[in-house]
Each structure stands twice: as C-alpha cells, then as structure tokens.
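Right, one structure below, let's go through it.
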Amino acid sequence: TSVIRLADYRPPAWAVAHVALEFDLGIDRTEVLATLELVRQADEPIRLDGEGLELLELHLDGRRLGEGEYILANGVLEVGVDGDRCTLATRVAVRPAENTAFEGLYLSGSRDAGFLLTQCEAEGFRHITFYPDRPDVLSTFTVTLRADKARFPVLLAGGNPDGAGDLGDGRHWARFVDPHPKPSYLFALVAGRLERISRDYTTADGRAVALHIWAEADVIDRCDYAMDSLERSMRWDEQAYGRNYDLDVFHVVATHDFNMGAMENKGLNIFNAKYLLADPDSSTDDEYRHVEAVVAHEYFHNWSGNRVTCRDWFQLSLKEGLTVFREQSFSADMNSAPLKRIEDVSLLRRAQFPEDAGPLSHPVRPSQYSEINNFYTATVYEKGAELVRMLAGHLGHQGFRKGMDLYFERHDGQAATIEDYLGALGDANGVDLAPYLAWYGQAGTPRLSAEGRYDEGKRRYRLLLRQRTPASAGQPNKQPLPVPVRLSLFDASGRALPLRLEGETQASAVERTVVLTGAEQAFVFEDIDAAPVPSLLRGFSAPVILECEYAPRELALLLRHDADGFNRWDAGQQLAGLAYDACRDGEPAGAAVAAWADALAGLFSDAGIDDALLAELLTPPGEIELVERQPERDPERIRAARQAMLRALASAIGTDALRTRYDSLRAQASAGLDAASQARRQLKRRLLDLLALVDANEGKALAAAQYDAAPGMTDRLAALATLAVTAPAAAEAPLAHFRERYDGNALALDKWFALQAQLPGDGALARVQALERDDAFTLKNPNRVQALLGTFARTNPTGFHRADGAAYRWLADRLVAIDALNPQVAARVATAFNGWKRLEPARREAAHAVVAELAGRKDLSRDLTDILARVAL
Ligand code: B3K
Ligand code: ZN
C-alpha cells in the first residue's frame, strides 16, 4: 500500500472558487451533478478524486467530453486544460443502500423507515462526487436536493436555507447556500423522515439563529438535554473565546448508524445517537456528561476546525487536540474542575499511554500514514489536548486568550498548520514557542524522574529532574522536551512552603512552575527548615510518567493535605500503585497496602470530603493501567492482585462503616441530575462493589435490591454489573428483565451487551459467543460491534487474553467478517492487539500467531491491513 508523507506536501494545483451540487436522491441510486468553478494555481492538469462513482457525463466549459479527452484511473479523474479558469461539471451515480462502510452517502436504518445521510471526514466526499478532496481546498457551496416528498419529507444540507418547493411529480426540492468557504470534508446532507425540536438563539453579536435537533420519531423526546448543552456551549464560546456562531441556522441530527462519535459538518452536525440522546430511564450519569461534552466539542469545531481548518491531515491535532482542550475547559466550568481533570487524565493513562507504548505509537503530528482514518487516535486527540494545555499554561490565562484571538483572526478562512498555531500564540505574547514543536513530532510518553535531597546545614532542598523518552516505532533516538512542572513543597504538618529558588531575593508563592528543558536540571529551594514532601506535576502539568521514590507516608501526607484536587487524587493513585506491587509480590498484609488502605479509611470517615472525589479516591488504577507496573503482562495475576488490595481496603474501612454509608446513600436515592445526586450515586456504586467483594452474599442481596428499586439507569446498571460479577446465577433473571424492558431501545441494549462483555474469567468468550446469537446482535451496526466485541477485546483482559489464545482466534475471524462490511470499524477493533508483545510468553505466542496470520492476508481493506502491518512489526 502506498504511503503519504508530510514531507511531500504540495499546495493544490487548482483551487475551487465555487461548487454547485445537485442531488437527485434515492435509496438505491442517487445522482449527483457537481459544477466546479476551478482556478489554476500551478502548471498541471486538473486532478479530481473519486472512489466507487459511476461517471455518467463530464462537461468542460459547457462542452461534453468524450472518452480520450480525460483519464480515469486509480481513483483520479484527470483533465488537461489550457486556460487559467474553467467550469468542470460531472454527473455521477452512487448506491447509498449498498454502502455498508458508512463513508460517503449511506442509509441509516431500514430501507422502509431509514434516512439518507453523509459522512465525509476524512476522505468520504470522493465517494459522493469527483472533487479535489483535500482539506486545503476551500470553497463556497450551493447545494440543491431533490427527492420524493413522501419518502424524504425533510431535506437538509449545511449553510443557510435558500428556497424550497414542489416539483409537481410527488417530488420536492430545497436549496442551501454556505457563504463560508470550507473544505469538502465538512459537507453534509440529510434526507428522510425526521422529527425536530427547535430553539431560538441570539448570539452575543446579535445574530438570530434557529437551532434544530433532528431525530427519528421514537427518540425525539430524548433530545432536550442535547439542546440545553448546545445553548450552554454557544454561550460559553462567546464568553471564554469571543467566538460567535456565523449562520442563521444550526442543525444537529442523530443516527444509530455511525462510525465514530459525531461530526462537525458546517451548520449540520451529525451525531451518533449515543452522544446525543439522553433520558434518566435509559442514560447513565456518565452518558449525560458525554452528551454535554460531545455537543460542545462539535460546536466548538465551528471555529477550531471549520473557520480555521487543517492544511493537510498530518495537522489533524491542530483542530482535534485544540477542540478537545476547549471541550475539557467547558466541561470543567460546567461541572467540577478537579473531577474533570481526574477523568481526563485517567482516560489519557488508560487509552493514550498504552497506545504510545506499543507498535501503534505515533507522534501527535504523524509524519506518514497509509490510511488517515486510523489516526483519529487517543494520541492525536487526548495527548494533543495536553500539548495545548501546556501552551496555555505557559502563556497564562490572558496570554492564551490573546494568542487564540490572533490565531482565529490571522487564519480565518484558511487551512493552517501546527507551526501557524504556535506562531500566532507566540507572536501575540512576544515569546518563542518553537521548542514545544518537538512535542508534536516525537512519539512515546516521556519519563520524568525526580529526586530530592535535603541539606540541613544550608536549609536547602535540591530537586533534580531528569527526562528520558523510550524508543518507539520508527523513532529510536529521542530529544529532551520542555516539561513544565508545577510544584509545591509541603512540611510534615501538611503546610505548603513559600518557594524561593536559589538566586532569588524573596519567595514568590507556595506554588510555581519550573520548566525542565534539557535532559536533566536541578532546582534549589532556599529557607527550607526540614526535608519537605514535594507535590509535583500539579494538575498534571505535562503528559509524562512521573518516577519519584516516595515513601508511603509521604504519599499519605499528600493524599490528606494537598490542596490541588488532582494531585491529591494522584497521590492516592501512586500509593495504590505501591499497594498493588506488594499484593502482586504476595504481601497483601505488608506496610504499603496498610498505608494506602489506612489513609483512605481515614478520609472515608472525614465528613468534609466530597462524595464524588471520595468515590474516585476509592478507585485504584484499573487493570489496564496497572499493566505497565511489570515487564510482562499476565492478566489473571494483575486482576488477582488488584482484587486483593480492594479487599484490604474494605476491611480497613470496615464492613459496618461501608454498610452504614451505603444505606444512607440508598435512602437518598433519586433520579436527580444535580451534582450532589450524581456524586451520591457514584460513591454508592463504589461501596456496593467493595461490600460485594468482602461478602458475596450481602453484595448479592444489596445489588438485587438496588436493581429493583433503581430510580434511573445509573443505579440500575451499576447494580446489574455488581450482581453479574458477584453472583452470576442470581444475575440471570435481572439480565433477562433488562433485555426485555429495553427491547427496541438500541442504546440501552448496547449497555446490556457491553456489561456482559466485561464479565471476567474463562467463561467470558463463551458468553460473548452466545450474545452474538441474540436477535439484536448484528455486525452491521458499529455501536453494537463496539459494545460487544470492542468492549470484550479492550476492557476485559482476563477474558480476551485467555491463556489458550481462543479469544484471539475468534476475534481474528470476526475482524475478517466486519472488514468486508465496514473497514473503519474493523480497524478500530483490531487495535486491541496493540499490546501483544508485552504479554507473558504463552499468551504472546498465541497472539503473535494470530496477528501474523491475519497480517499476511491479501484480501483485507487498507484500514485493517495498515493496523495489522504496524501491530505485527
Ligand atoms: N472530526 C470527527 C471525526 C471524524 C473521523 C473520521 N474517521 C469528529 C470529531 O472529532 O469531532
Ligand atoms: Zn473533533
């Protein structure tokens, strides 16, 4: 397969001044007439991308071209032209109902009841018409849709409405004009039977905007929370960044058939229903938060992505990392900032760190790809957001805002690069941010080691920081990066000390940021009366792995006193890591476990601590995160050690205390969505798990009762999960009840599949195989595939990595079947093999055999082939 390289970038040879699209829509066959006003930029023929299109006619400046007057080969239509401007028109036919890959124009739902929609990012537009399908070709769009009025009563495209009417023959038409130049990946249309909810919105700069959320009739009453979230997002972007919406109408559409979360098409966002619909009876608290965050994310793209887009797909993080950062800041403002930070860093550690430690590791700005769809990764998104956070921290709140203002002003209507971004942020503040560019080009998670030495005679504390990034795929040698380390020093009583660095005349504050720029550097703090305890990387000031040899009592001190909510939690996580090591090495009764459990037991009885934070503190790193604490991975041992430490925690707190607290939380159960109610549910869930771990019978009774009495999905699902792990036989009736109660509710059924896919142990594969035979299971729906196969392969280590390799062989078989339908989904599920090299020898052998065999096949898609080739290396 061919490789695309950043180093080979060349500007487009022809620009598109305007494009007019006319669609004659049909489920089996749709015709597309595209009229492109082209303007020469270089001495080359016109080359348009097109995949799977049936070319019906081609006209150059009104003259129909015959065969021999153009070349159509390898997905490119080439036409030689003499002048500097021309009008090129193509008429093509496409087949939406046959499009199972969900890229381009396709059918969501059934032939009779479903609707037509498009997905173009990254390169879907070429499946709709011939076009220079690259993000640096920006054009204004006029789109005319024609279709049967009864079958397609609603016709939508991005831009402002510009007329609609009847065609007389049972068909109708509608036209949309988008005045903002955009690349083809932001084009969208939707046509079918949809209902809507609407709201009027006036922007800060006075524009009246009609907001519409569209969904199929059976789910339209679950869109209100998304509408509230949209309004909050629009207001927030005005206040936090001075960004106003820029069209008269904003459409959002929900579909159950979507390859990813959502898509920011200009004026017509399209959402996976999973991230748009919410109601207390079928959505958990987490899902409500996700809806709010994803609605915000797609909306924020209107500026960070649409008004300023990417020059090429290597710059993907320019819009994604930045927009994730904006979304995180919004969520932190709407909810609790420390809890949001904990959630985001947990995700980074769970998803991005392992990605960056295996063969799929790549820089935030990759230098090459063979399939761009495989680069919508945790690295580009989540690590990319951490890089923006470092830049924002470096510039300070106002400096960052000034930099963002300049970025939007300078590059409005352009396709920009990471250099442009750093340039604008730097220029607005008179600083050079070029050193941070290295973070974008270098893969792997840096290790930051910290070593403190106290000099009693000189009353000095010397902190030696060192960094090293392990070699990663294609990058054997690493450079030092600028690592901002926000820190405080605590005395033995838990007081933060004023900080004066060597050479300074007076202490400035109790918290400050030092930046490690070379491989190692020492920072000397003066006037320190006794050996302090350092609180490092506060707020997780850089995306690195901290290696600091803390004594358990030092971490316990931070866990009790650190005013930085994130670091307080992280001290608990580090302490839990030590407890885990002890349990794994056969010392569940040792000092490290006691230090962790006793510290948490102390916090448990502290009335002042927030329920949600307590729930987080009571959650040690998960089985996936713990993988990196040993050279070789044996999922059974990891799980056993983690369970042992949780049991030690439960007995340190005491079952009576757990039970009393659980009962009082249960007495307050409600369906309320306020923060306090959500926090209570979260803590209740932790307590139920702990109780079930030490007393399975009691756990069973409590979980069964909680399931029956649950006022909403959060409590219901949590009870069901605990019951299914603790007492599988007792879970059967409630599982059947849930299946029946939510029959027809696709999103609730996905949770039912996912919950069972996560159940640990040897029986897991057989259970998943039985679930594949459920009437509701299909390989054609991405959400369903992710719920069952994705959840199993990614989040059930003991089940997926069973020692005999049976689950590997089974997944390989399914990947081939999924790939024939939907390559993007197959490729994403296949990333579950990323960590195979770190497995213990027996599992490694088994996984290797499967991966090597799959990678050797010649009949798979480019998407899946690319993942397998890199994983197998
Ligand atoms: N930009 C889209 C992702 C498109 C994925 C294409 N394979 C969603 C988002 O990040 O907002
Ligand atoms: Zn995005």
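Every number here is computed from the coordinates shown, using simple stated rules; none is lab data. Computed from a predicted model, the values in this text were never measured in an experiment. Every residue, glycine among them, receives a Cβ derived from its backbone with ideal geometry; neighbour counts consider all protein chains shown.
Which whole-number percent is the relative contact order of region 447-542 (Cα, under 8 Å, 6+ apart)?
Reported relative contact order: 36 percent.
Quote to one decimal, in nm, the extra length available between residue 605 and residue 202 on full extension: 0.36 nm per residue of separation minus the C-alpha distance between them.
Working it through step by step, the gained length comes to 140.2 nm.
With a cut-off of 20 Å, note down the residues of region 188-202 whose backbone N falls inside the zone around a label point 7 Å from the Cα of residue 780 toward its beta carbon.
Inside the label zone: 191-194.
Find, to one decimal place in angstroms, the Kirkwood hydrodynamic radius of the chain, where the mean of 1/r is taken over every pair of different Cα atoms and then inverted. Please list the in-between numbers first.
Details: mean 1/r = 0.0345 Å⁻¹.
Evaluated on the chain, it is 29.0 Å.
What number, in percent, do you get for the relative contact order of the chain if the mean sequence gap of Cα pairs under 8 Å and at least 6 apart is divided by its residue count?
8 percent
Under 18 Å Cα to Cα from residue 700, which lysines show up? Leave out anything in the same chain fewer than 8 places away.
Partners found: 684.
How big is the charge dipole of the chain about its Cα centre, in debye rounded to the nearest 20, if each Lys and Arg gets +1 on its Cβ and each Asp and Glu gets -1 on its Cβ? It would help to have the intermediate numbers written out before the result.
Working: 98 positive and 126 negative charges, 289 e Å.
With Lys and Arg at +1 and Asp and Glu at -1, about 1380 debye.
Compute the acute angle (0 to 90°) between the alpha-carbon long axis of helix 655-667 and the principal axis of greatest extent of the alpha-carbon atoms of the chain; round to the nearest 10°.
With rounding to tens, the tilt is 40 degrees.
At a threshold of 8 angstrom on Cα-Cα distance, excluding pairs fewer than six apart, so keeping six or more, what relative contact order does region 351-499 reach in percent?
So the answer I get is 24 percent.
Taking the dipole about the Cα centre of the chain, with the C-beta of Lys and Arg at +1 and of Asp and Glu at -1, give me whichever of 173, 834, 12 is farthest to the positive side.
Of the candidates, 834 comes out farthest on the positive side.
Quick check: the angle from helix 635-653's long axis to the longest principal axis of the chain, C-alpha only, nearest 10 degrees?
Once rounded, the angle reads 50 degrees.
Could you calculate the FRET efficiency of residue 530 with residue 675 from 1/(1 + (r/R0)^6), where r is the beta carbon distance between them and R0 is 35 Å, rounded to 0.05?
According to the calculation, E is roughly 0.35.
So, in nm, how far is label residue 431 from label residue 560 when the simple model puts each one 7 Å beyond its Cα toward the Cβ?
3.7 nm
Pull out a ≥ b ≥ c, the square roots of the eigenvalues of the alpha-carbon gyration tensor of region 309-441, then state rounded if a/c is under 1.5, prolate if not and a/b is larger than b/c, and oblate in the remaining case.
oblate
Can you compute the FRET efficiency between residue 248 and residue 54 using 1/(1 + (r/R0)^6), with r the Cβ-Cβ distance and R0 = 22 Å? Round to the nearest 0.05.
Once rounded, the FRET efficiency stands at 0.05.
Take the residue pairs 780/837; 182/319; 274/837; 266/383 and return only those whose Cα atoms are more than 23 Å apart.
The pairs that break the limit, which is 23 Å between Cα atoms, are 780/837; 274/837; 266/383.
Rounded, prolate or oblate: which fits region 742-873 when a ≥ b ≥ c are the square roots of the eigenvalues of the alpha-carbon gyration tensor, with rounded for a/c under 1.5 and prolate only if a/b beats b/c? Could the numbers behind the result be given before it?
Details: a/c = 2.25, a/b = 1.30, b/c = 1.73.
Oblate, since a/c reaches 1.5 and b/c is not below a/b.
How far is helix 316-334 tilted, in degrees, relative to the longest principal axis of the Cα atoms in the chain, given as a value from 0 to 90 rounded to the nearest 10?
For helix 316-334, the angle is close to 60 degrees.
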